[in-house]
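So the structure is just underneath, and the comments pick up after that.
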Amino acid sequence: MNVAQLLAHSPGSRGYRAADLRALPDGGPRYEVIEGCVQVSPPPSVAETAVWRWLANTLEVANRGSPLVVDRGQPVHIGEHDEVRPDVVVAQVALAETTPIPVGALTLVVEVVSSTSALRDTVTKRALYARAGVPAYWIVTPRRRPPDVEVTELRRDAATGAYTERTPATSARFSTDHPWPLTVDVPALADVWSALAPSAADNWEGV
C-alpha cells in the first residue's frame, strides 16, 4: 500500500489507526498518526540529520551504565490512533528493540524542529507526550538567520500531567540530571548546524 491508497481508504470514526501506517513502505517521507490524523514529513536534510546524530552521541557518551539506551528515528506506539517517530529517544534497554517501542518504555524524547514540524513539535507533540506520561521532552530549534540552535528542556509535572520548563530555550551550555547527569554544549551543536545549514537553505524557512 502507498500513502495515496491509504488516504483513499475511509478511516474509522476516530480516524486512522497506528496499524494503518505499518502497511506503508519504509524510506522516503516520515509517516505518523496523531489523534487519528496522518502526518507526513519530508525526509530530513543533511543538516537536520547531523543535529540528531550529535544529540544522540552526546547522550550516549554521558551514559555511565544506566539500564537505558539511546535510539534515533524509531516508531513509538502510544495508542490505537497515535504512533509517532521522534528524532531521538531514550528508552529502557529491555523494550528498546521492540518495534514499535511502547511509549511506557521512554524516559526522554527529543524532537528537532524543522520548517514543516514547528507547530507539531512545539504544541501537538508536547501535549501528546505529556498525556502519555513521558517524563522529559527536549525541543531543539535550529535557526538559519543567523545560524543558531536553541534547546528547551521540559519535565513532566506529576501533579498536573503537563510539561514545565526546567531549562527555558537557551543557546548556551546547560546541565541536567535526566536521563542521567550530562552537560549539553549547545554552542558546539550550533557549530555543527552552521557548517551544514546552507545545504538545507532551499528547504528551510526558519522558525
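The values are calculated or read from the model by the stated rules, or taken from the named source; none is laboratory data. Computed from a predicted model, the values in this text were never measured in an experiment. Cβ placement follows ideal geometry from the backbone for every residue including glycine, while neighbour counts extend to all protein chains displayed. Only protein heavy atoms, including side chains, enter the accessible area calculation; ligands, DNA and RNA are left aside. Shrake-Rupley method; radii C 1.70, N 1.55, O 1.52, S 1.80 Å.
Key figures for this structure:
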read-out: Dipole moment magnitude, nearest 20 debye, the chain about Cα centre, only Lys, Arg, Asp, Glu C-beta charged; value: 180 debye
read-out: Given charges at Cβ of Lys, Arg, Asp, Glu: region 78-171 dipole, positive-most of 119, 129, 96; value: 119
read-out: Area of residue 119 that stays accessible when all protein chains are in place (1.4 Å probe, Å², to 10); value: 120 Å²
read-out: Which of 53, 14, 166 is most accessible, then next, and so on - probe 1.4 Å; value: 14, 53, 166
read-out: ³J(HN,Hα), Karplus 6.51/-1.76/1.60, whole Hz, each residue of region 118-127, x for Gly, Pro; value: 4, 5, 4, 6, 8, 10, 4, 6, 4, 5
read-out: Neighbourhood net charge (13 Å Cβ-Cβ; Lys/Arg +1, Asp/Glu -1) for residue 21; value: -2
read-out: Among 136, 96, 23: highest mean-square fluctuation, GNM of the chain, C-alpha pairs under 10 Å; value: 23
read-out: Unit charges at the beta carbon, dipole of the chain: most positive-side option, 21, 168, 140; value: 168
read-out: Whole-Hz couplings from phi, Karplus 6.51/-1.76/1.60, listed for region 176-188; x for Gly and Pro; value: 9, 10, 9, x, 7, x, 7, 10, 9, 8, 4, x, 5
